[in-house]
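For reference, the structure is listed below as structure tokens.
Values in this text are rule-based calculations from the coordinates and carry no lab data. Keep in mind that this is a model prediction, so the values were computed, not measured. Every residue, glycine as well, gets a Cβ built from its backbone with ideal geometry; the counts of neighbours run over all protein chains shown.
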Amino acid sequence: MERMDEISIEPMHARKQRHLPEGEGWIYQPSYGGRRVLAYCTPEECELKGGSSVDRTGRYAHIAEALRYLAERVGRSFVLDGEIALHDQRSAFFAFDLLHLDGKSLVDTPWNERREALEDLFKRRRVEHVEIAEARKRAGKVLMDHARQERWIGVVAKREEDPYREGGRHGGWVRVSL
């Protein structure tokens, strides 16, 4: 099995804007207002790393164990990008990207293909304290009303065909605060 301590990924960040981009090629995901974390997981262990690679594993041990259990169930190693936020009065991990799978980097792969691989990883596998972040194809008033009703702090628009660009803020991800 692959060693996760040999992998280091800088999170991609969204540019802040006043309005969401609309049109073909964009998808929209929630910003829950939680803590951004990369999860480095194998069937043996899972490490949660926050900004500046700060270890968050101890603080969110239940999430690390849930993700390790997922890796064990599927017999695979992976790196997920996501956010830890409150869900049903308990911290949960919302996975919004799959960056590494079984020793292969996916950062140069388009978002829509990474999303398909992420959904496949979780296919028919319910894991306590872990969810795949919602992704919608349409923006506009309906999405913003839904976001407010669900108490998101914002919406992130992502280009479906874009790769994951490590570090910095790039136009392929755009965040609008509510």
Have a look at Phe94, Val142, Leu118 and report the one farthest towards the positive end of the charge dipole of the stretch 76-178, computed about the Cα centre with Cβ charges (Lys/Arg +1, Asp/Glu -1).
-> Val142
So what is the 222 nm mean residue ellipticity for the chain from helices alone, if each DSSP H run of at least 4 adds -39500 (n - 2.57) and you divide by all residues, rounding to the nearest 500 deg cm²/dmol?
-> -6000 deg cm²/dmol
Label-point separation (nm) for Gln17 and Glu161, each offset 7 Å from Cα along Cα-to-Cβ?
-> 1.7
Counting only residues 5 or more places away or on other chains, whose amide H sits under 5 Å from the amide H of Phe96 once H atoms are built in the peptide plane?
-> Asp81, Gly82, Glu83, Ala133
Here, Glu131 and Glu65, labelled 7 Å along Cα→Cβ, have an inter-label distance in nm of 2.2
In percent, how large is the relative contact order of the stretch 36-125, given Cα pairs closer than 8 Å and 6 or more residues apart?
-> 24
Note down the net charge around Arg151, summing +1 for each Lys or Arg and -1 for each Asp or Glu among other residues with Cβ under 15 Å from its Cβ.
-> -4
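Between Arg90 and Asp120, what is 0.36 nm times their sequence separation minus the Cα-Cα distance? Round to one decimal in nm.
Result: 8.3 nm gained on full extension.
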Counting pairs of alpha carbon atoms under 8 Å apart in space and at least six apart in sequence, what relative contact order in percent does the chain give?
-> 34
Matching label for the computed Rg/Rh (Cα atoms, Kirkwood Rh), out of (1) 0.94; (2) 1.29; (3) 1.04, is (1)
Lys pairs, the stretch 23-178 - Cα-Cα below 29 angstrom, 8 or more residues apart or on other chains | 10
Applying the Karplus parametrisation 6.51 cos²θ - 1.76 cosθ + 1.60 with θ = phi - 60° to the phi angles of the stretch 54-60, what ³J(HN,Hα) value in whole Hz is obtained for each residue in order, glycine and proline being reported as x?
-> 5, 6, 10, 4, x, 5, 10
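Compute the FRET efficiency between Leu178 and Glu72 as 1/(1 + (r/R0)^6), taking r as their Cβ-Cβ distance and R0 = 22 Å, and round to the nearest 0.05.
Result of the calculation: an efficiency of 0.05.
Which whole-number percent is the relative contact order of the stretch 80-137 (Cα, under 8 Å, 6+ apart)? Present the calculation step by step, with values, prior to reporting the outcome.
Working: 66 pairs, mean separation 19.9, N = 58.
Relative contact order for the stretch 80-137 comes out at 34 percent.
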How much net charge surrounds Arg90 when only the other residues with a Cβ under 13 Å from the Cβ of Arg90 are counted, with Lys and Arg +1 and Asp and Glu -1?
-> -3
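What trypsin sites (Lys or Arg not before Pro) in the stretch 76-137 are in a loop by DSSP, with at most 12 other Cβ atoms within 10 Å of the Cβ? Mind showing how you got there, number by number?
Details: sites: Arg76, Arg90, Lys104, Arg114, Arg115, Lys123, Arg124, Arg125, Arg126, Arg136, Lys137; in loops: Arg76, Lys123, Arg124, Arg125, Arg126, Lys137.
Passing sites in the stretch 76-137 are Lys123, Arg124, Arg125, Arg126, Lys137.
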Charge dipole (debye, nearest 20) of the stretch 1-67; +1 at Cβ of Lys and Arg, -1 at Cβ of Asp and Glu = 580
Please find, in a Gaussian network model of the chain (springs between Cα atoms separated by less than 10 Å), the residue of Asp97, Asp145, Asp88 whose mean-square fluctuation is greatest.
-> Asp88
In the stretch 8-54, the trypsin sites (Lys or Arg not before Pro) that fall in loop regions by DSSP, at most 14 other Cβ within 10 Å = Arg18
